[in-house]
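A.B. asks: Can you keep this structure in mind? I'll have questions shortly.
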Amino acid sequence: MGKFCAVLCAAALLIGIVPCSAAQPGVSAVSAILMDGETGEVLYEKNADRQMLIASTTKIMTALVALEHDSPQKRIAVKENHMTEGSSMYLKVGEQVTVEELLYGLLLCSGNDAALALAEACSGSVEDFVAEMNDKAQALGMESTSFANPNGLDDEAHYSTARDMARLAVCAAQNPGLMRIASTRQATVGGRTMTNHNRLLRNVDGCIGLKTGYTKAAGRTLVSCAVRQGRLLVAVTLNDGDDWRDHAALYDYGFALLAEREEGNAP
């Protein structure tokens, strides 16, 4: 029976059928994907190429581009035009903050003000920074993505897909500075105590980040990464009212599937 199951699992993998002992989870998201962060293989997908609003998961790209530009210790003067609607790290006009402090505000408490301050300081204008975000997206193969701002506020020209956001997450996971901040549960920076919105850091084994998002039009969006036994998986859900549970279920499924494969290949 054991040999029969091993043969059956191997055959199923070859033709793209999931082995019976690793049942696919039911995911409530409109769009979702689970990707192997090392190989790029898709382990689960649902409407993964549908272009959708992505809300503050946008800020993964904002952080990547900012880190490519400037030292984390570069100081930035906060301006009136950095103030904006939505979530905030509560910057004050005239204060001096470092790039790193802004990144904490960007990735932990999802500061839209931090996004604008970073964009202008790094590229001279928000428009030029957004152009660089789009250039980076093309370089990563995010062919179904368009950025219109650095913070994720709704715009008809601002969208992506679950597949593209997974590609972005794989790239982000390779940036130690970004992941150090994204995996921080709570930090006091510049007199501000900030708590990471990502509950998966506390509730899912091996979670190392990345970013939550929400607008009324986009619904709940979530991009995350998890590592178990040295393997990296990336999960993305878009417009998902039960995203915490869905990501936990996707990781349990994905890591179980990888374990099955390794057992099946064992001599």
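The values are calculated or read from the model by the stated rules, or taken from the named source; none is laboratory data. Worth saying up front: this structure is predicted, and the values here are computed from it rather than measured. Note that each Cβ is placed from the backbone with ideal geometry, even for glycine, and that neighbours are counted across all protein chains shown. For the accessible areas, the whole protein counts, side chains as well, though only heavy atoms, and no ligand, DNA or RNA atoms are used. Shrake-Rupley method; radii C 1.70, N 1.55, O 1.52, S 1.80 Å.
A.B. asks: At 1.4 Å probe size, with every protein chain present, just tell me what the per residue accessible area of the chain comes to in Å².
C.D. replies: The answer is 44 Å² per residue.
A.B. asks: Could you work out the local net charge near SER110, counting Lys and Arg as +1, Asp and Glu as -1, over the other residues with Cβ closer than 9 Å to its Cβ?
C.D. replies: +2
A.B. asks: Under a point spin-label approximation (7 Å from Cα along Cα-to-Cβ), what is the GLN51-GLU80 distance to one decimal in nm?
C.D. replies: For GLN51 paired with GLU80, the spin-label model returns 3.7 nm.
A.B. asks: Sort GLU263, GLU41 by accessible area with a 1.4 Å probe, largest first.
C.D. replies: If we order GLU263, GLU41 from most to least accessible, we get GLU263, GLU41.
A.B. asks: Taking 2.2 N^0.38 Å as the expected size of a compact globular protein, what ratio does the Cα radius of gyration of the range 191-267 give against it, to two decimals?
C.D. replies: Relative to the 2.2 N^0.38 Å estimate, the range 191-267 comes out at 1.29.
A.B. asks: With N residues in the range 219-258, what two-decimal value do you get for its Cα radius of gyration over 2.2 N^0.38 Å?
C.D. replies: Output field value: 1.16.
A.B. asks: Give the Cα extents of the range 24-160 along the principal axes, in whole Å, largest first.
C.D. replies: The principal-axis extents, from largest down, are 51, 27, 25 Å.
A.B. asks: Pairs of Cα atoms under 8 Å, at least six residues apart: use those to get the relative contact order of the chain, whole percent.
C.D. replies: 25 percent
A.B. asks: Just the number, please: carbon plus sulfur as a percent of the accessible area of the chain, 1.4 Å probe, no ligands or DNA/RNA counted.
C.D. replies: For the chain, the apolar C and S fraction of the accessible surface comes to 51 percent.
A.B. asks: Could you sort out which of LYS79/LYS136; LYS59/LYS79; LYS46/LYS211 sit more than 24 Å apart by Cα distance in this structure?
C.D. replies: LYS79/LYS136
A.B. asks: Can you compute the charge dipole magnitude of the chain about its Cα centre, using +1 on each Lys and Arg Cβ and -1 on each Asp and Glu Cβ, nothing else charged? Give it in debye, rounded to the nearest 20.
C.D. replies: So the dipole magnitude of the chain works out to roughly 760 debye.
A.B. asks: Something else about it: Protein chains only, probe 1.4 Å: how do ARG245, ARG231 rank by accessible area, largest first?
C.D. replies: ARG245, ARG231
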